[in-house]
Amino acid sequence: MRVFYTPRYYAEIGDSHIFPIRKFELVRNKLLAEGTLQEHELFEPEPASVSDVQLVHTEDYVSRLVNGELTQKEIRQLGLPWSESLVRRSFYAVGGTIAASLHCLADGYASNLAGGTHHSFPDHGEGFCVFNDVAIAIRTLRSRGLIRRAGIVDCDVHQGNGTATIFADDAETFTHSIHGANNYPLFKTQSSLDLELPDGTSDDEYLQVLVDSLPHVFDHEPDIVFYLAGADPFKGDKLGKLSLTIEGLRTRDLYVLRECYEREIPVVTVMSGGYGKEITDTIEIHCNTVRAVKEIFESEATARDVQMENFQTA
């Protein structure tokens, strides 16, 4: 398995900020400590190039971000204080998703312990999202002639308004978003398929909507799927408003990943949001996504290979 992580996913945003910037490191540490990941399965990405970032974002926005020239209004909209470490983190997080997508095409699966920054638009960031890493990865793969069609399964509790806008006129990219109807952003943009859920939606209700809607992504016949495995539909999330349990979210992950596995569609997982009242809950939910990748793409694949070998020798 290839999982992408770097300490440079950290940025100085202040200890009191609602965004849990330490979660990337804490997820990595827990997965290593429990043995889900081994050191040789962790890879440090290179930062994304400016040219790759500008496949999605305007030269003006990227230049002013790098040079610390964003306006106060833009910084408020972004929701994160500007710093050199934030700029560095943003390029590395995109680099992690690009690297994961490249290896995913070769191996069938890969994960980035960051990413899913789906509120970023071509000319500005918002909602804690500086660059739209998934959109950049898709356009990078296309620019290299590696894919044609892509699918995005966005299970963050907030609608991926930036992603929907970027791909609004792109018939080759299917954007699927299952999110809270009464949550950020106030004004939503049109995805290929939006599933809006009422406050308090439970595990069973959520999973039924997912089961009914996910086939539309595969009908698009994507060459790759990006799975935004948000932790924020959790009932204990500060910004969520839904009522999913940790087990319900684990079932969600297993379902999405198994559907990709059974169809032999390469899948990249990225973390997206998570703002649990207890950070340990957020960490557990994110860890469950990587555990699910292991279970589906390694344990089940091994079991199937053994079964086939036994059949051939019988």
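What the table below lists for this structure:
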item: Cα-derived Rg over Rh, computed across the range 3-313 with Rh taken as Kirkwood radius; result: 0.95
item: Contact order relative to length of the range 15-162, as percent, for alpha carbon pairs under 8 angstrom and 6 or more apart; result: 25 percent
item: Global geometry of the range 1-141, whether rounded, prolate or oblate, following the gyration tensor of its Cα atoms and the 1.5 cut on a/c; result: oblate
item: Interchain or long-range residues, amide H under 5 Å from Val267's placed H; result: Tyr109, Ala110, Val225
item: Net lengthening on full extension, Glu59/Arg149 (0.36 nm per residue, minus Cα-Cα); result: 29.8 nm
item: Cut-off under 5 Å, modelled amide H: who pairs with Leu195 long-range; result: Ser177, Ile178, His179
item: Over the chain: helical MRE at 222 nm, DSSP H runs n ≥ 4 each giving -39500 (n - 2.57), nearest 500; result: -13000 deg cm²/dmol
item: Efficiency of FRET between Asp123 and Ile279 - r from beta-carbon atoms, R0 35 angstrom, step 0.05; result: 0.60
item: The range 8-65 - convex hull of the alpha-carbon atoms, volume per residue in Å³; result: 131 Å³
item: Amide hydrogen neighbours beyond the local backbone of Leu242, cut-off 5 Å, H modeled; result: Gly200
item: Whole-number Å³ per residue for the convex hull built on Cα positions in the range 161-277; result: 94 Å³
item: Estimated inter-spin distance, Phe187 and Glu262, nm [label 7 Å along Cα→Cβ]; result: 4.1 nm
item: Segment Asp204-Ala171, extension gain: residue separation times 0.36 nm, minus the distance between their alpha carbons; result: 8.7 nm
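Rule-based calculations on the coordinates, nothing more; no lab input. None of these values were measured; they are calculated from a predicted model. Cβ atoms come from the backbone with ideal geometry, glycine included; neighbour counts cover every protein chain shown.
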